[in-house]
Protein chains: 2
Amino acid sequence: MNWTDPHLERREANFQPLNPVRFLARENEAHPERTAVIWRDRSWTYGQFNTLAVRLAELMRGEGIVRGDVVSILSRNRPEMLAAHFSVPALGAVLNTINTRLDAEAIAYILRHADTKLLLVDEAVGAAAIEAAAEAGVAVIRLGDGAGQGETGELLSGEVDPDARLDERAIADEWQPVCLNYTSGTTGNPKGVVYHARGAFLNAMGNALSLGFGAGTRYLWTLPMFHCNGWAHTWAVTAAGGTHVCLDAVEPATILDLVADAGITHMSCAPVVLYMLLNHPKAAALKGTERRVSVATGGAAPTASLISQLDAIGFDLVHLYGLTESYGPASIGELADDMSDDDAVIKAEWLARQGVRHKTSGDIRIVDTETGIDQPCDGVSAGEILLRGNTLMAGYHKDPEATEAAFAGGWFHTGDIAVREPGGAMRITDRAKDVIISGGENISSLEVESVLHRHPAVMLAAVVAMPDEKWGETPCAFVELKPGGGVDAGELASFCRAHLAGFKVPRHFIFNELPKTATGKIQKFLLREQARGYGQ
Amino acid sequence: MNWTDPHLERREANFQPLNPVRFLARENEAHPERTAVIWRDRSWTYGQFNTLAVRLAELMRGEGIVRGDVVSILSRNRPEMLAAHFSVPALGAVLNTINTRLDAEAIAYILRHADTKLLLVDEAVGAAAIEAAAEAGVAVIRLGDGAGQGETGELLSGEVDPDARLDERAIADEWQPVCLNYTSGTTGNPKGVVYHARGAFLNAMGNALSLGFGAGTRYLWTLPMFHCNGWAHTWAVTAAGGTHVCLDAVEPATILDLVADAGITHMSCAPVVLYMLLNHPKAAALKGTERRVSVATGGAAPTASLISQLDAIGFDLVHLYGLTESYGPASIGELADDMSDDDAVIKAEWLARQGVRHKTSGDIRIVDTETGIDQPCDGVSAGEILLRGNTLMAGYHKDPEATEAAFAGGWFHTGDIAVREPGGAMRITDRAKDVIISGGENISSLEVESVLHRHPAVMLAAVVAMPDEKWGETPCAFVELKPGGGVDAGELASFCRAHLAGFKVPRHFIFNELPKTATGKIQKFLLREQARGYGQ
């Protein structure tokens, strides 16, 4: 058929930009009485939350914010932070969410580099940002302390304005940017990852379907919203018409209380948060519960021991993989349908996999870094993970070189190394910088770490390369012990020797609390620096 | 920020055409062992079903089918029919699903008008089509009788080819057509509604989220897949990773058995099917069940009595509204969250509403047909429903005039009349005037009238809808005979049966002078009133 007939071309009636603002506008229409947000001892219906979002948009419009302007925000996971994910794009503006745990210098750099026009600040976490904004002459809106104090306390007022409408047409082009996310900067200056509206819409849809969000979802915000816009769950839970349960801080006692009493169905967090939960006395009360909570985690593969302990308190793990550049989740590793009764060791093997593309992700390749040829599904041939699809950034803000390098050859280069298991599921063997090359042999730091994690006294371990005159590099282990955990370097080395090839056994053990990012990711670059010192 | 920097423009790595083929390809990767399709006493895993779809694609490629070609299909709801929804787009070709209840003449017209290159035929329903194809020199692939008989019985073979892959890149542009659906609209000849890939992908996503499809979904195919591609559920259930339960025919006993024994969670059908179920002796066995089945229905609003009878056997109703031009569902009317204990009268009032836009629909307006101004949400001011969004057809195949008329003013004109309730939900008060909806099938009154006008004794005929408890509506013909024209109802019915599909033949004939306006236009609203009287 001749489908290039002019009358069949796209037109305003059948082509509208994909746009995450529509999620909130639609749920407000569909069930304004349903609970959208819970925070501390208060809750907001979709009608009330929509009104809040419109008020926030009006406030920003009053400050002169127009299409293309960048609005930066430093905030804990509170209702205005969530609302900003709709209010800012509803002005055609760009939301730049800043990691609240960065130092003053980094915050000032990001505010400046993003060309910030306006700063929204949660006063509990934003002192440094307010100072930096004052120096740069950037306008500031203070969100107050959330207890009715502060200049914008009235945003949280519960009354519904039935005529309040977000502008769903402010996104005139689905390629328009809606968010900026600065990568946490393992090397050099942080890069500003530009999210287009199309990707935000599609990753939200994909997350909702992949993780099973629906009208009955109660999503607990253990993951910071400043991290890839909360892996796009800010939009996904809203699209599903679920309830956001906001948290000021990641406190095990609060989390366990909410899980027990507030009907939490889903949460997302780094494994370190899960260890904190398990080590808290309140975890015992959840034992034998029939309620299941789906917990999405990324980073380190969960161990069999972690999986069985979580299982006992009603937590089911899902393993996600992604990067800031992929709007968070790009792949998902799950148990097979019939594995609920299998033992934790089998589950751990399965959940060590980052799995396959999630529902709206595009193509994933694993290619030999030398030849660029796809690796076979043999479980051993490692290669770099390449991504292509609709949920990848537009590029790096004001950084054409880094953008072109990242997208070289028509694929996004993750820098992460993985194998494909028979059947096609991917399993990461090393984050790009985590490979230790000793005497010409590659050592996977993840492999060494997973052995250390099996030792009963170890809470958390990180292994990095230490320079070595003879071998080039050797593994150096940084270990955080469990409270009361008594073990020394000699005992850990023996334990490793029993489970690893000799060249993989760490030559050095350092016992200390591990430095972590705001999202609980271990800051390996700091450990690498430290290890360089030991090695010299 | 300056987001028009060239390095931020879309590129192959971050922009890929939205495309429903990806749904099957992804689920095959994610869980090849999960049951994808059940039919009669057999089932297919996602791996097996993917293999079937690839084999079907190869078979069509062997017949010379390439990008842009139209493949027509006449089939019951069987695995190959479902597979064609992926196999045909995976060749870049266009799937034209033909209503199996049409008469030979209409089928021949559609085959010709669509420029059909290849016809797939389920032999149980396709005799007329095979004949028409032979006359037009169109190649035919027979799907056999499904019992291993017929030339393509081997398509259904269960063995998995792990390397079998659908081509996810055959859709090179998301505006590319993937389907044609002929509609009997208000004018005589059916119009070919062109579905673009973007809309198919997005309506599937929206359906899955709006209706709550997930991994545990068992969708019973009571709705013909030839009807708007099964309201896009062919793709939606697959996207969710659910199970399709195929049905050869809508037989109450079979349906009730499957609901009782096969864990059905969702189905869609016209109210007439629901009445058939309730009137069947097997329905009694379901009384008091704890299992709930979500039943999406369209067309006539369900009565309080229907709702409470269905409730007693575990069926929860959802009211959808849409047209062929909107890929099926554009709006959804549901009970409010807290209504489960309310009585059937209250529920009926609520479910009489077509509700609000569904998850991926765009904007809905209800405008005064004279002034074009939006009607207030007062529950009484009626106006025409206009639609705009991403799930509207590209246009009518080879019909620029009708396309421009449908999209006049930047909105799709449904021709349906509705009011907005306070709160914004829409409730249809009048269907587009000349369409009669009988058992879920559209009947063009003009088509029936034109047949009557061909009878030598008929001077003037007008056909309108008559309410019918079982079918919703049936056609009622008002006939003015020529002077001296001697013909009775029986003879006219036979004449109609010779030229029309059975369901289009009027059930009532009234012989009289037709009421006309001063300018000679037939006053159909008077006839409708009269027919309402006969129908009660």
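The values are calculated or read from the model by the stated rules, or taken from the named source; none is laboratory data. Source: prediction; values computed, not measured. All Cβ positions, glycine included, derive from the backbone under ideal geometry; neighbour counts span all protein chains shown. To get the accessible areas, we keep the full protein, side chains included, count just its heavy atoms, and leave off ligands, DNA and RNA. Shrake-Rupley method; radii C 1.70, N 1.55, O 1.52, S 1.80 Å.
Kirkwood radius, region A:52-122, all distinct C-alpha pairs, inverse of mean reciprocal distance: 12.1 Å. Between copies, the label points at A:D378 (set 7 angstrom from Cα along Cα-to-Cβ) are spaced 7.7 nm, reported in nanometres from shortest to longest.
For chain A, which DSSP H helices look membrane-span-like by this rule: Cα extent along the axis of 20 Å or more and mean Kyte-Doolittle of at least 0.5? Those that clear 20 Å and a mean of 0.5 are A:197-211. Per residue of A:191-204, other chain Cβ atoms within 10 Å of the residue Cβ number 2 on average.
Placing a label point 7 Å from the Cα of A:N2 along the Cα-to-Cβ direction, the distances to the matching points in the other copies come to 4.4 nm, shortest first. Derived from the Cα gyration tensor, the three semi-axes of the equivalent ellipsoid of region B:361-430 are 24, 12, 9 Å, largest first. Taking max minus min of the alpha-carbon positions on each principal axis, the protein assembly as shown gives extents of 115, 66, 59 Å, largest first. Counting Cβ atoms of other protein chains within 10 Å of each residue's Cβ and taking the mean over peptide A:387-400 gives 5. Within the set B:K359/B:K504; A:K117/A:K398; B:K359/B:K398; B:K359/B:K470; A:K282/A:K516; A:K482/A:K524, which residue pairs have Cα atoms separated by over 28 Å? In this structure, B:K359/B:K504; B:K359/B:K398; B:K359/B:K470 exceed 28 Å between Cα atoms.
Once the 1.4 Å probe is applied to the protein heavy atoms, chain B comes out at 36 Å² accessible per residue.
Separation of region B:307-371 and region B:36-101, taken as the distance between their Cα centroids, equals 32 angstrom.
Between A:A457 and A:D363, the FRET efficiency estimated from the beta carbon spacing at R0 = 41 angstrom works out to 0.40.
Direction-averaged shadow area of the convex hull around the Cα atoms of region A:7-79, nm²? Kindly include the intermediate steps, with their values, before the conclusion.
Numbers: hull surface 29.2 nm².
Value for region A:7-79: 7.3 nm².
Each of the peptides A:214-220, A:163-169 was scored by the mean count of other Cβ atoms within 10 Å over its residues; in descending order, highest first, they stand as A:214-220, A:163-169. Work out, in µm²/s and without decimals, the Stokes-Einstein translational diffusion coefficient of region A:184-260 at 20 °C, 1.002 mPa s, Rh from Kirkwood over C-alpha pairs. Estimated diffusion coefficient is 155 µm²/s.
Taking each residue as 0.36 nm, the span from B:A127 to B:F503 lengthens on full extension beyond its C-alpha to C-alpha distance by 133.5 nm.
Counting heavy atoms of the protein chains alone, A:S494 has an accessible area of about 60 Å² for a 1.4 Å probe.
By how many nm would the segment from B:F511 to B:D311 grow when fully extended, if each residue of separation counts as 0.36 nm and the alpha-carbon distance is taken off?
On the way: separation 200, 0.36 × 200 = 72.00 nm, distance 4.30 nm.
The B:F511-B:D311 span can extend by a further 67.7 nm.
With Cα atoms defining each centre, region A:253-293 and region A:217-247 are spaced 17 Å apart in the structure.
With only alpha-carbon atoms in the gyration tensor, what are the semi-axes of the equivalent ellipsoid for chain A, in Å, largest first? Intermediate values should be presented prior to the final figure.
Details: eigenvalues 292, 143, 119 Å².
After scaling each eigenvalue by five and taking roots: 38, 27, 24 Å.
In plain terms, the C-alpha convex hull of region A:435-535 casts an average shadow of 6.1 nm² when viewed from every direction.
The order of the peptides A:102-113, B:372-383 by mean Cβ neighbours within 10 Å, most packed first, is A:102-113, B:372-383.
Over region B:435-535, what is the percentage of antiparallel beta bridges among all DSSP beta bridges, to the nearest 5?
Approximately 80 percent, going by the DSSP bridge assignments.
With both partners inside the protein assembly as shown, how many of the DSSP beta bridges are antiparallel, as a percent to the nearest 5? All intermediate terms of the calculation are to be shown ahead of the outcome.
Details: 99 of 171 bridges.
Approximately 60 percent, going by the DSSP bridge assignments.
Taking the Cα centre of region A:435-535 as the origin, how large is its charge dipole in debye, to the nearest 20, when only Lys and Arg (+1) and Asp and Glu (-1) carry charge on their Cβ atoms?
Working: 11 positive and 11 negative charges, 35 e Å.
Rounded to the nearest 20 debye, it is 160 debye.
Within the assembled protein chains, the solvent-accessible surface assigned to A:E251 is about 100 Å², based on a 1.4 Å probe. DSSP beta bridges confined to region A:250-430 are antiparallel in about 75 percent of cases.
Leaving out ligands, DNA and RNA, calculate the buried accessible area for the pair B and A with a 1.4 Å probe, summed over both sides, in Å² to the nearest 100. Result for this pair: about 6100 Å² buried. The dipole here belongs to the protein assembly as shown: it is taken about the Cα centre, uses +1 on the Cβ of Lys and Arg and -1 on the Cβ of Asp and Glu, and is about 200 debye. With labels modelled as points extended 7 Å from the Cα through the Cβ direction, what inter-label distance (nm, one decimal) is found for A:E401 paired with A:V66? My value for the distance between the label points is 3.4 nm.
Between B:D41 and B:A134, the FRET efficiency from the beta-carbon distance, with R0 = 30 Å, is close to 0.35.
Counting protein heavy atoms only, the protein assembly as shown has 50 percent of its accessible area on carbon and sulfur, 1.4 angstrom probe.
Cβ under 13 Å from A:T35's Cβ, A:T35 left aside: what net charge do those residues give with Lys, Arg +1 and Asp, Glu -1? Intermediate values should be presented prior to the final figure.
Working: positive: A:R34, A:R42, A:R218; negative: A:E27, A:E33, B:D337, B:D338.
That works out to -1.
Peptide A:354-361: average number of partner chain Cβ atoms within 10 Å per residue? Can you show the working numbers first?
Working: counts 0, 2, 6, 5, 2, 10, 6, 2.
For this peptide, the per-residue mean of nearby foreign Cβ atoms is 4.
Among B:306-317, A:2-13, how do they line up by average Cβ neighbours within 10 Å per residue, starting with the highest?
Details: B:306-317: 19.7, A:2-13: 15.2.
Those peptides, ordered most packed to least, come out B:306-317, A:2-13.
The accessible area of B:W39, taken with all protein chains in place and a 1.4 Å probe, comes to roughly 10 Å². Relative to the Cα centre, the charge distribution of chain A, modelled as +1 at Lys and Arg Cβ and -1 at Asp and Glu Cβ, gives a dipole magnitude of about 180 debye. Across all C-alpha atoms in region A:250-430, the radius of gyration and Dmax reach 18.2, 54 Å. Once every DSSP H run of n ≥ 4 in chain B is given -39500 (n - 2.57) and the sum is divided by its residues, what mean residue ellipticity at 222 nm do you get, rounded to the nearest 500 deg cm²/dmol? The per-residue figure over chain B is -8500 deg cm²/dmol.
What does the charge add up to near A:T217, with Lys and Arg as +1, Asp and Glu as -1, over the other residues with Cβ less than 15 Å from its Cβ? Its environment carries a net charge of +2.
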